[in-house]
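Student: Please find one structure pasted underneath; my questions will follow.
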Amino acid sequence: MTSSATLQALATRAGRTPFYVYDVAGVKARVAAVRAALPASVRVHYALKANPFPPLVQAIAGEVDGFDVASGGELALALETAPAGGFGLGFAGPGKSLEDIRAGVKADVLFQCESRRELREIAAAGVRAGVRPRVALRVNPAFELRGAGQRMGGGPRPFGIDSEQVPEVLRELAALPVEFAGFHFYAGSQMLEATTVVALLEHCYDCALELSRHAPGPVRELNLGGGFGVPYFAGERPLDLSPVSDCLHRLTVRATVDFPEAALVLEFGRYLVAEAGRYVMRVVDRKRSRGKTFVVCDGGMHHHLAAAGHLGQVLRRNFPIELVKAIAPVGAGLPATFGSKVPPTALATESVTLCGPLCTPLDVLGDRLELPIAEEGDFVVVGMSGAYGATASPRGFLSHPGPVEILA
Ligand SMILES: *Cc1c(COP(=O)(O)O)cnc(C)c1O
């Protein structure tokens, strides 16, 4: 439970509510925990897509071995932030524009190439710039993944190149003025079961081994993806890293024989940042409508689409949400029992629907939530909001101000 004094101080720093606050120490601790669980030789990358807030990216840059970007904008941010020397930059994403490809060539990124069109354009951009771009092929493996929150590989997908087409694409690559670098996999996201993660890692490894027989040169980078999940909802449990750790120890041993020149890479998005972020709103209004209580906040789906349940979820479920009574302003004439002096256990609760300020029924951040009785000015804190929050929300919708973001 966050104290209202802490939230008040954060709100003062942010200048207003609603705002996102990211706990840098929490992110750093998370990277350290990941590193402790993985073999030392496995490189840890951060996928900027999960949270591209520049001060946060800056703080993460010193902790990881590389960034994965998926647009020209993310590439520009990575270049501003990445430490010099030996820092990995991978560039994935379908539909890379010619402009993005040229920027990538100039920055000497490792292209995670998603199609033949892209391969040819990377080669042409290299010729134009007088360099040989480094190209890994992003592979869409042939198996269906069960147990992932979102599937991005297996079956027909717009991401990567189907594994059965890869040998042919490798033949084409061999004839082009590019440097073959290796393979990239990213087939699923938000996996909470260690058995799913392990099966995926092993399958991708075996697939890379098979495909490497067709490669025009040694694999120098083998990116086995990630997709490590975090528990958002009641009943979900954190991913058990220990079987994943055992699996990666086995794979790194195998790789000394199978891929002696390769760096093994894993890329993490939400796993590093989700838990370290909170979205803080204030209660603007409350109303009763035909037996239901609605608590209306100053923040909503335009800042936090995921908490409203519209970012790929099938069923809307409540993110972890707490209501923190505001400190009574001096001289507000409120009873002495009001505000932070009341221990949380002593507060009566009620079942509410938590809505935002948008004029659409989609703007619901919590339903059938059991919260302390909410009053105007109270804080509402949405946890697990460090990934796919501000960046993945329709901030233009209804023309309210955009979200403020700060570091804690
Ligand atoms: C989105 C994405 C990630 C990060 O996914 P998380 O679920 O946040 O870990 C990593 N790599 C690629 C290629 C992606 O598209």
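The values are calculated or read from the model by the stated rules, or taken from the named source; none is laboratory data. Remember, predicted model here, so these are calculated numbers, not experimental data. No Cβ is skipped: glycine too gets one built from the backbone with ideal geometry, and neighbour counts run over all protein chains shown. The protein model used for the area step is the full one, side chains on, heavy atoms only, and it has no ligands, DNA or RNA in it. Shrake-Rupley method; radii C 1.70, N 1.55, O 1.52, S 1.80 Å.
Yes/no per residue for (1) within 16 Å of the ligand (Cβ to nearest atom); (2) in contact with a Pro (Cβ under 8 Å, 6 or more places away or on another chain):
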site	(1), (2)
E221	yes, no
C247	no, no
R254	no, no
V257	no, no
P260	no, yes
R278	no, no
S289	no, no
C297	no, yes
G300	no, yes
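Student: Another one. Could you check segment 229-254 and list, in sequence order, the residues that are over 22 Å from L365 (Cα atoms), open to solvent by 80 Å² or more (accessible area, probe 1.4 Å) and of a type in the set (A, V, I, L, M, F, W, C)?
Tutor: V253
Quick grid of which residues meet (1) among the β-branched types (V, I, T); (2) surrounded by 15 or more Cβ atoms within 10 Å (Cβ to Cβ):
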residue	(1), (2)
A25	no, no
F53	no, yes
F67	no, yes
A78	no, yes
T81	yes, yes
F91	no, yes
A103	no, yes
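Student: Of the residues that make up segment 119-129, is at least one crowded, with 20+ Cβ neighbours inside 10 Å and either within 15 Å of the ligand (Cβ to nearest atom) or at pLDDT below 95 (or both)?
Tutor: no
Student: Can you tell me which residue in segment 309-325 is least open to solvent (accessible area, probe 1.4 Å), limited to those that are in a strand (DSSP E or B) and touching a Gly at 6+ places or on another chain (Cβ under 8 Å)?
Tutor: I321
Student: Here is a follow-up. Determine which member of the set P167, P177 is away from the ligand (no atom under 16 Å from the Cβ), assigned to a helix (DSSP H, G or I), modelled with pLDDT of 95 or more and surrounded by fewer than 20 Cβ atoms within 10 Å (Cβ to Cβ).
Tutor: P167
Student: Across segment 7-33, what is the number of residues that are closer than 12 Å to I60 by Cβ and either in contact with a strand residue (DSSP E or B) (Cβ under 7 Å, 6 or more places away or on another chain) or in a loop (DSSP other than H, G, I, E, B) (or both)?
Tutor: Selection size over segment 7-33: 3.
Student: For segment 279-303, which residues satisfy the criterion of being buried (at least 24 other Cβ atoms within 10 Å of the Cβ) and either free of Cβ contacts under 8 Å to residues at least 60 places away in the same chain or outside any loop (DSSP other than H, G, I, E, B) (or both)?
Tutor: Hits for segment 279-303 are Y279, V280, M281, V295, C297.
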